[in-house]
Amino acid sequence: MTAQDKGPRIRTVPAGDNRQRLVCPDCDFVAYENPKVVVGVVATWEDRILMCKRAIEPRMGYWTLPAGFMEMGESPQEGAAREAWEEARAQLEIIDLLAVYSLRHVSQLQLFYRAHLTSPNVSAGPESQEVGLFELDALPATDLAFPSVHWAIDHFQQARGTASLSPFGNPPGRTGDMRRGR
């Protein structure tokens, strides 16, 4: 018996379910395939936003907000703070949830938080070519890596000065699918 002959390997609709899943024909174990959760921050020091120039694909060389995949055993807030540290050596305090974006074409749920840097001392981590603190009117807007980065910055600007807010979602008609211009 080889590795391909073990574990969940048959696509079928399990009993009590309504969609196809990978199922083990030997023990009926179901391998659920669920969206990935991305967590990130719009982190500020005074009136400047922390940005990172990506050193990895996808979109290497483009600017982004500190963000990445949530890890097992951490809260979304802990994951967002960890990503800020990994990408920009940034220490911060999470304020609140800014936005929740659904990117169905890549099976991602993205959570962006508003955060305050506890120090302006930031430097590039292993996934960043460079990092910087940018005034809102001086952001590298034409070189942003992903549509959700644009959205989060726009939503951050809309929420400025509010003590609490209901999280934003995808802009109307926008899916984040860069191949389709949406």
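What the table below lists for this structure:
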| item | result |
| --- | --- |
| All strands (runs of 3 or more DSSP E) inside the stretch 18-86 with 2 or more residues being under 20 Å from the mean Cα position of the chain (by Cα) | 36-45, 48-54, 67-69 |
| Residues (of a type in the set (Ser, Thr, Tyr) and loosely packed, with under 15 Cβ neighbours inside 10 Å) located in the stretch 54-94 | Ser75 |
| Tally of residues being outside any strand (DSSP E or B) and more than 13 Å from the chain's Cα centre (by Cα) across the stretch 105-124 | 8 |
| Residues being of a type outside the set (Gly, Ala, Ser) and either in contact with a Leu (Cβ under 6 Å, 6 or more places away or on another chain) or on the phi > 0 side of the Ramachandran plot (or both) - total across the stretch 12-41 | 4 |
| Given (1) free of Cβ contacts under 8 Å to residues at least 40 places away in the same chain; (2) out of contact with any Phe, Trp or Tyr (no Cβ under 9 Å at 6 or more places or on another chain), number of the condition Thr175 does not satisfy | (1) |
| Residues located in the stretch 1-17, provided they are part of a loop (DSSP other than H, G, I, E, B) and not charged (D, E, K, R) | Met1, Thr2, Gly7, Pro8, Val13, Pro14, Ala15, Gly16 |
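Values in this text are rule-based calculations from the coordinates and carry no lab data. Note that the coordinates shown come from a computational prediction; the quantities given were computed from them, not determined experimentally. A quick note on method: Cβ atoms are made from the backbone with ideal geometry, for glycine too, and the neighbour counts reach across all protein chains shown.
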